[in-house]
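My questions will all concern the structure given below.
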Amino acid sequence: MVDRTGLAYWGSARLLPSLHPMINTRRVVISALIFSFFAGSSVAYGVRSFVNPDKSAIAVCVNRANGDMRAVWSSDPCKSQEELVTLPVGTGAAGATGPAGLTGPTGATGATGPTGATGPMGATGPTGATGPMGATGAQGATGAAGATGATGAAGASGPAGATGPAGATGASGPSGAAGTAGQNGVTALSSAALTVTGLTPTAVPGLALTVDTLANSVLYVSTEGAIVNNGLFAGDYVQVGIRVLMDNTVVVAERTYDVELGSFAYKSSWNLSLTFTPPAGQHTFVVQGSLRDSGTLHTSRPDATLAGTSGSMMRGTLSVLTLNK
């Protein structure tokens, strides 16, 4: 801190450049202590105070030549070869901590202290290595028999044994029922066309068969063939009857078939069948046809044609199948 005259206060650690090299640090410290003592006790001893009126500093005149210092009253001037320095009064700020001192010598060994309390039990250590096997002991007494164990699973089948000798021939069994005498089937084809004009039935050429049967025979009889309406005008109408005879006796009742002449329509067909059991023996079957009815819008009634020759699409058939039970 610098006062109005440019002089440095001691507490600011700054001095005028002309005084700094001349001040003896040790002398300044001692002088400051002395001045502080007198400053603090001046009232008690009735001495005129060196302390400034505000009681915060002491005025000191420092010799420029040799660094000597003397306290002066706060209002007194210094000599011409001296400079005025103001020193603060009171305790200064704490200095920096000095370096640690050297380690002292080791002290004497103290007396042995009392035994401490027993500490807690430590953790169990790891299991030690297995020791060598001991010598075999003497054989013990035989123990009691154990309970019977459960039955074990069945073992695998052994290999097949050798084939034994053939046994004696057994007695003959009873005779079985008689077998069938065989099956048979035949078919007859029409050999010519048949034109029918009235109610009297007429045999169709070629549609006749003769078969032999047994007492246990069953016959399946069937027949089919074409029917042509011979009319000339659209709307001409014919009705044809077809039946089957066995040994001149009707076995398949007459069936009727209607054919009406129309655009691109002039023919139809018959188809009938029957199963029955005839008496044993030889039997002849015949197919017959007739004109049951006819009609027209004109003067002449039309007739009809049944079946046809070999190679014709109108050809009729008669089939007999013999089944022996």
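The values are calculated or read from the model by the stated rules, or taken from the named source; none is laboratory data. The structure displayed is predicted, hence computed values, not measured ones. Surface accessibility is based on the protein's heavy atoms, side chains included, excluding ligands, DNA and RNA. Shrake-Rupley method; radii C 1.70, N 1.55, O 1.52, S 1.80 Å.
How do Trp270, Trp73 rank by accessible surface area computed with a 1.4 Å probe, from largest to smallest? Provide the component values of the computation, followed by the final result.
Numbers: Trp270 0, Trp73 60 Å².
The residues order as Trp73, Trp270, largest area first.
Can you tell me the Rg and the Dmax, both Å, for the Cα atoms in the stretch 91-221?
63.9, 174
Suppose accessible area is computed on protein heavy atoms with a 1.4 Å probe; arrange His283, His298 from highest to lowest.
Working: His283 10, His298 90 Å².
Correct descending sequence by accessible area is His298, His283.
I need the P(r) histogram for the stretch 243-302: all alpha carbon pairs, bin width 5 Å from 0 out to the longest distance, whole percents.
For the stretch 243-302, the pair-distance distribution reads 4, 13, 20, 18, 13, 10, 9, 6, 4, 2, 0.
Under 25 °C and 0.890 mPa s, how fast does the stretch 57-136 diffuse according to Stokes-Einstein, given a Kirkwood radius computed over C-alpha pairs? Answer in µm²/s, whole number. All intermediate terms of the calculation are to be shown ahead of the outcome.
Numbers: Rh = 22.2 Å.
Rounded, D is 110 µm²/s.
Keeping the other protein chains in place, figure out the carbon and sulfur percent of the accessible area of the stretch 238-280, with a 1.4 Å probe. Working shown, then result.
Numbers: 1140 of 2430 Å².
Carbon and sulfur atoms account for 47 percent of the accessible area of the stretch 238-280.
To the nearest 10 square angstrom, how much accessible area does Glu260 have with a 1.4 angstrom probe?
120
In whole Å, what are the Cα extents of the stretch 169-325 along the three principal axes, biggest one first?
Projected onto the principal axes, the Cα atoms of the stretch 169-325 cover 88, 28, 20 Å.
I've got another one for you. On average over all directions, what projected area in square nanometres does the stretch 275-325 have, based on the convex hull of its Cα atoms? Provide the component values of the computation, followed by the final result.
Working: hull surface 26.0 nm².
Dividing the Cα hull surface by four gives the mean projection, 6.5 nm².
Hey, another quick one. What is the Å³ per residue value for the convex hull set by the Cα atoms of the stretch 100-161?
Working: hull volume 40.1 nm³, N = 62.
Per-residue hull volume (Cα only) is 646 Å³.
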